[in-house]
Amino acid sequence: MGGAGGAVGLLVGGMLTEWASWRWVMYVNVVFAVPALIGALLLLAKPAITKKPKLDIPGILVVSAALFAVVYGFAHVESTSWTDPVALGSMIVGAVLLVVFVWLETRVAHPLLPLRVVLDRTRGGSFMAVFVIGMGMFSIFLFLTYYFAASLGYSPIKTGLVYLPMVAAVVASSTTMPVLVLPRVGPKIVITAGFLVAAVGMAMLTQIELDSTYAAHIMPGMILMGLGIGAVMTTAFQGATSGLHHEDSGVASALINTGQQVGGSISTALLTTVASSAATDYLASHKPSALAAAQAGVEGYTATLAWGSGFFVAGAVIAAFLIPNRALEPSEGEPVMAH
C-alpha cells in the first residue's frame, strides 16, 4: 500500500504542479484524508478499554524539545558552519535531552515509550532500520527530484513518471520477501542484504552527469534501490511489532512513523548542507559560467547520494550485529468490542 501510494502521489503531485498549482499538493491531502477518517470511524473495531492510561506530559515535552533541537542544529549548519555555536549547541542540547528522556521513561508510571518495546534486540534493530530507511529515502526523493527538474529539465509530470520503476521494485520486493524469502533465511539476512542492495543502487547513481540518460544511467540504480528498500521496509516493520503485547502496539506503530520522519528530517537538514558545501567547493575551483553552475548542482546531488549510500551501508552493519536471525514472533491481537 505504501509503495502504491508513493507511485500515485508522485504522479498526482506532478500533474497538480504542472496543470494547477504546487499549492494543490497540500489541498489534495484533504481529498484522501476525509474519506479515510470516515472509513476509520465506521469500520475499525472499537478497542475494549478497561482503564485509560494517563499521558506522560514530561516525556512528551522533553522528547519533542530534543528532536526539535537536533533537527534545528543540523538545519542551521547549512546557513552557517559545522563549528557554529548555535548549531553545535542545539545538537548537544538535543542529545542531552534524549538521555534525559530515556531516564524519565524509567521513572514514570505510564511512560510515553516503555523501554521494553525497544530493548528487545529484534525490535530495537528493526526501529534502527526504519530510522535509516527514513534517512536514505528522503535523500533519494529530494535530491533526485532536483536533479531531474533542474539539471535534466524534466517537467513535474515526467519527474513523477521516472520514479515508477523504482516504486514498482519496492512493491515487488515488499510483497514477495515476507512470503518467499523471510521464512527461509531470517530477518537479519533479509534486512542486511536489502540495505546492501539499496546501497549499491544509490552508489550507481553517484555517477550521474549533466548528460546522463535515464534508461542507461539512472533507471538501473533506482530499480536496485527499490528492491533493497522494499525488502528492508516490510521486514523491519514486521520486526518492530514482533512479540508485542497489545497495549504496546500503538507505541510501536507510532515509533515506526516517528523513526521514519525524524530520520528524514535529520537527513534532509544534513544533506542539504552537504549538497551546498559540495556545490560551493566546485564553484570556488572553476571559472564562473552557466555550465559551471549547472555542474556544481550535479556535484551537490552526487555528494548527497554518496552519503545516502553510506547510510544504507551503516544500516546493514547495524542489522548484522543487532538483529538475531530467528523467526519473527506475531504480536498479540487487541481485544475489541463485538459489533
Worksheet item: Quick one: what Rg and Dmax do you get for the chain from the alpha carbons, in Å?
Response: 21.5, 73
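Rounded if a/c is under 1.5, else prolate if a/b beats b/c, else oblate: with a ≥ b ≥ c from the C-alpha gyration tensor eigenvalues square-rooted, which is segment 128-281?
On the way: a/c = 2.30, a/b = 1.58, b/c = 1.45.
In terms of gyration-tensor shape, prolate.
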Discussion item. Taking the 0 to 90 degree range and rounding to the nearest ten, how far is the long axis of helix 2-19 tilted relative to the main principal axis of the chain, both from C-alpha atoms?
Written reply: 40
Response to the item:
Rg from C-alpha atoms of segment 232-330, normalised by the globular rule of thumb 2.2 N^0.38 Å, equals 1.55
Worksheet item: With every protein chain present, what accessible area does Thr80 have (1.4 Å probe, heavy atoms only), rounded to the nearest 10 Å²?
Response: 60
Item to complete: Find the centroid of the Cα atoms in segment 283-299 and in segment 20-82, then give the distance between the two in whole Å.
Response: 39
Item to complete: Count neighbours as other Cβ atoms within 10 Å of each site's Cβ, and list the chymotrypsin sites (Phe, Trp or Tyr not before Pro) in segment 68-141 that are DSSP loop with at most 16 such neighbours.
Response: Trp82
Item to complete: Output the relative contact order of the chain, whole-number percent, from Cα pairs under 8 angstrom with separation of 6+ residues.
Response: 27
Fill in: Estimated [θ] at 222 nm from DSSP helical runs (n ≥ 4, -39500 (n - 2.57)) normalised by residues in the chain, nearest 500
-25000 deg cm²/dmol
Worksheet item: Given just the C-alpha atoms of segment 159-198, how large is their convex hull per residue in cubic angstrom?
Response: 60
Worksheet item: Relative to the longest principal axis of the chain, what angle (0 to 90°, nearest 10) does the C-alpha long axis of helix 219-240 take?
Response: 20
Worksheet item: Binned at 5 Å from 0, what are the whole-percent values of the Cα-Cα distance distribution for segment 1-141, short to long?
Response: 2, 8, 9, 11, 13, 16, 17, 14, 7, 3, 1
Worksheet item: When the Cα centres of segment 138-163 and segment 94-135 are compared, how far apart do they sit, in Å?
Response: 35
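Largest first, how would Arg123, Arg184, Arg326 line up by accessible area (1.4 Å probe)? Don't skip to the answer; put the middle values down first.
Values: Arg123 25, Arg184 185, Arg326 115 Å².
Listed by decreasing accessible area, they come as Arg184, Arg326, Arg123.
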Discussion item. Sequence gap at least 6, Cα distance under 8 Å: using those rules, report the relative contact order of segment 26-133 to the nearest whole percent.
Written reply: 25
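Relative contact order for segment 237-339: what is it in percent, counting Cα pairs under 8 Å that are at least 6 residues apart?
Relative contact order, segment 237-339: 46 percent.
So, for segment 71-194, what is the accessible surface per residue at a probe of 1.4 Å, expressed in square angstrom? Write down the numbers at each step before the final one.
Values: 5780 Å² over 124 residues.
Accessible area per residue: 47 Å².
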Worksheet item: Ranked from the most accessible area to the least, with a 1.4 Å probe and all protein chains present, what is the order of His217, His76?
Response: His217, His76
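So with the 1.4 Å probe, I'd like the accessible area per residue for segment 260-339, rounded to whole Å².
Values: 4120 Å² over 80 residues.
Result: 51 Å² per residue.
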Discussion item. Run the numbers for Ala95 and Ser253: contour at 0.36 nm per residue of separation, minus the present Cα-Cα distance, in nm.
Written reply: 54.5 nm
Worksheet item: Going by alpha carbons, how many degrees (0 to 90, nearest 10) lie between the helix axis of 246-284 and the longest principal axis of the chain?
Response: 20
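Could you please state how large a percent of the accessible area of segment 130-239 is carbon and sulfur, counting protein chains only and using a 1.4 Å probe?
Numbers: 3120 of 4190 Å².
With neighbouring chains kept in place, the figure for segment 130-239 is 75 percent.
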Worksheet item: Across bins of 5 angstrom width beginning at 0, how are the C-alpha pair distances of segment 77-128 distributed, in whole percent?
Response: 4, 18, 15, 17, 15, 11, 12, 7, 1
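The values are calculated or read from the model by the stated rules, or taken from the named source; none is laboratory data. Note that this is a predicted model, so its numbers are computed, not measured. Glycine also receives a Cβ, built like all others from the backbone with ideal geometry; neighbour counts cover every protein chain displayed. Remember, those area values only see protein heavy atoms, side chains included, never the ligands or the DNA or RNA. Shrake-Rupley method; radii C 1.70, N 1.55, O 1.52, S 1.80 Å.
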